[in-house]
Amino acid sequence: DYYAWIYYCLWCQLMALLACVSTRWICKESAGGGLPEMKTILSGVVKPVLLSKRLIVAKIAGLIFSLLAGLSVGKEGPFVHVSSAIADQFMRLSLFKHLRTQDAKRLEVLACACASGVSGSFGTAFGGVLFSIEFTASAYSVRTLPKAFLTSAVAMIVFFLLGVSDQLSLFNANRNVSQWLPYAHEMASFVLIGFVCGLLGVLFVYIVEYLTNFRNWLLDKRRHSQDELDLRRVLLVAAVTLVVSVMMYFEMASIPEVPRVLIDYMFEQDSLQALLPKLMLYFPYKFAVTALSVTLPLPVGLFTPVFMTGSVLGRIIGETLCSGPQSMNYSPSDYSILAAAAFSTGVTRAISTAVIVYELSGEPHLRLPLSIVILIAYFVGNRFSKNIYDVLIDTSGTPYMQEIPPHMLAVPVAEGMLPVDELHVLALNSTYQDARLLLEATSLSKRPPVPSDAQRGGGAVELVALPQQRFASYGSVQGKRDLE
């Protein structure tokens with residue numbers, strides 16, 4: 001139906017435009033998933049606007065409109081970010097202000113809020129806590145763990161009481177299957193799934209990195225005026241939404257015997273053997289539109305669409321294997337779950353995916369294959385690239401404390417320290433006489449920046465000569481960061 005296609009595309013364009021406008025005009029910092037931003041905040045770099053009321057409104061509105069636009073996006077990142085921002089707003093109340101004034105306590109509360117956000121998004125309490133630890137904390141305090149489990153459990157109870165736990169969970173698998181051991185050829189297929197999904201996860205990370213760099217180049221503030229940037233942002237979102245909506249409409253229209261979108265059938269027991277050719281075309285389509293959607297300057301997540309993309313590949317493998325003459329203990333829906341977990345791990349490197357999937361499915365026979373596919377995908381992915389969240393941190397230029405290189409972990413602290421009397425430095429209260437004596441004592445031409453007394457708060461700096469070998473990493477001194 002030509003008119004139905006036009007109406008559907010116009011609807012998607014309108015929703016995408018509203019998502020873009022709400023993101024840009026309410027709080028432009030709300031663009032992005034949310035997990036990279038929270039990882040930065042929990043590492044100690046707090047930017048107040050990332051926990052503001054404006055961000056909460058913009059994040060929720062942008063996510064709703066993005067989902068209504070039919071984009072292949074998830075909700076876990078925005079849920080985590082919004083939960084943390086709401087927790088920070090509660091800490092502004094007089095009743096909880098003592099938590100906000102203590103940096104350690106404040107970050108502890110934000111970590112618990114991240115756990116509740118993930119649990120609300122995936123529908124799992126234990127898996128949500130472990131996922132939040134993996135991707136929002138470079139260092140995690142053990143004493144925070146019971147509190148994080150408590151907040152996750154409360155979030156799950158609220159969703160159950162509201163009757164929306166099934167609608168908000170990552171997937172539904174209401175089956176009762178007894179435990180068994182896989183055949184040898186099934187074990188081989190599990191290894192293959194883990195290896196292939198790990199490589200596909202690496203490919204997905206590289207594509208997202210390229211698209212994000214292209215988006216950053218297209219929306220470079222140094223090359224374009226603000227009005228031009230707004231126009232470019234709208235055109236970018238409209239173009240991607242048009243591509244996605246056209247393909248989504250033809251997906252629904254080309255399979256009239258399927259009353260729902262095809263992705264809803266990936267985890268069901270009914271055979272999809274008749275739809276196998278369409279599934280083979282659907283996988284690259286879902287892969288492409290997910291990569292395009294998650295790189296838009298909108299408040300969107302990526303774990304859910306990545307999980308669903310992997311489920312399509314698993315369904316193809318499962319339907320192919322189960323149609324052969326060999327005996328099979330595992331159904332195509334089992335393979336769909338395994339490939340979804342493996343591809344998600346290949347993209348995010350989240351070992352906690354195993355806990356999330358097992359907690360949702362509750363099927364004992366999946367414990368062994370889940371361990372195999374997830375571990376293989378994890379190690380294969382780590383061999384070739386960073387995880388997707390670290391890549392998004394790098395491409396967005398978000399300040400983040402890098403991890404210590406492995407070769408430095410075994411170096412004693414004493415080897416990196418020098419006696420105080422051997423150091424020749426200029427402090428903020430140094431005199432010109434101190435500077436003259438230091439210049440006379442050194443003959444190097446390298447000039448790292450040192451701020452003058454009048455520029456104590458940062459900004460422009462005066463340059464003086466200092467020994468290169470000891471002060472190569474010396475930088476400008478800035479004023480104390482205000483966490484308030």
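The values are calculated or read from the model by the stated rules, or taken from the named source; none is laboratory data. Given the structure is predicted, the values throughout are model-derived calculations rather than measurements. Positions of Cβ are backbone-derived with ideal geometry, glycine not excepted, and every protein chain shown enters the neighbour counts. Each accessible area value is taken on the protein alone, full model and side chains, heavy atoms only, with ligands, DNA and RNA left out. Shrake-Rupley method; radii C 1.70, N 1.55, O 1.52, S 1.80 Å.
Worth a mention:
- Rounded to whole Hz, the Karplus (6.51, -1.76, 1.60) HN-Hα couplings of region 56-63, x for glycine and proline: 4, 5, 5, 5, 5, 5, x, 5
- Residue 97 - accessible surface, heavy atoms, 1.4 Å probe, Å² rounded to 10: 110 Å²
- Given 147/221; 53/147; 28/105; 47/286; 47/386; 53/105, the pairs whose alpha carbons are separated by over 32 Å: 147/221; 47/286
- Each peptide among 273-284, 351-362 gets the average number of other Cβ atoms lying within 10 Å of its residues, and from highest to lowest they stand as 351-362, 273-284.
- Remark: spin-label model distance residue 436-residue 327 equals 9.5 nm, labels positioned 7 Å along the Cα→Cβ axis.
- Projecting label points 7 angstrom from Cα along Cα→Cβ for residue 206 and residue 351 puts them 2.7 nm apart.
- Rounded FRET efficiency, nearest 0.05, which uses the C-beta distance separating residue 232 from residue 92 and R0 of 51 Å: 0.90
- Cβ-based net charge around residue 58, under 11 Å, with every Lys or Arg adding one and every Asp or Glu removing one: +4
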